[in-house]
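Since the structure comes first, as structure tokens, the remarks are kept for the end.
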Amino acid sequence: MKILLITVSMFVCLVGFATVLNMFEGFTLYESLRSTLSPFRVMELAEIVVLIVFILLFVAESAYVLIKKRKNMN
């Protein structure tokens, strides 16, 4: 769970940092966010599938570790 929180926190911080840098360059907030998140809009189907598989593997591994820890505690 800690890893998930750290991952999400890092993603939010990096997106925020990139957005602020774009705003310093003169973009509006909307343009800055669109520019920062545009790699996710231009992904091909194979890239989207790989991203979803990685996310699912991460969630499955985290759930497995959590279940294993709870089973060992009882």
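When region 1-34 is filtered for residues that are modelled with pLDDT under 90, within 30 Å of Lys68 (Cβ to Cβ) and not aliphatic (A, V, I, L, M), the ones remaining, listed by number, are Lys2, Thr7. Every condition in (1) surrounded by 11 or more Cβ atoms within 10 Å (Cβ to Cβ); (2) outside any helix (DSSP H, G or I) holds for Gly26 except the one numbered (1). Determine whether Val50 is touching a helix residue (DSSP H, G or I) at 6+ places or on another chain (Cβ under 8 Å) and assigned to a helix (DSSP H, G or I). The answer is no for Val50.
For beta carbons closer than 9 Å, sequence separation of 6+ or different chains, a first residue in region 35-47 that is at pLDDT 85 or above and a second that is outside any helix (DSSP H, G or I), the qualifying pairs are Ser35/Phe27. The one condition from (1) touching a residue at least 12 places away in the same chain (Cβ under 8 Å); (2) loosely packed, with under 12 Cβ neighbours inside 10 Å; (3) not small (Gly, Ala, Ser) that Val15 does not meet is (2).
The values are calculated or read from the model by the stated rules, or taken from the named source; none is laboratory data. The structure presented is a predicted model; accordingly, all values stated were derived computationally and were not measured. Because the Cβ atoms are built from the backbone with ideal geometry, glycine has one as well, and the counts that use them run over all protein chains shown.
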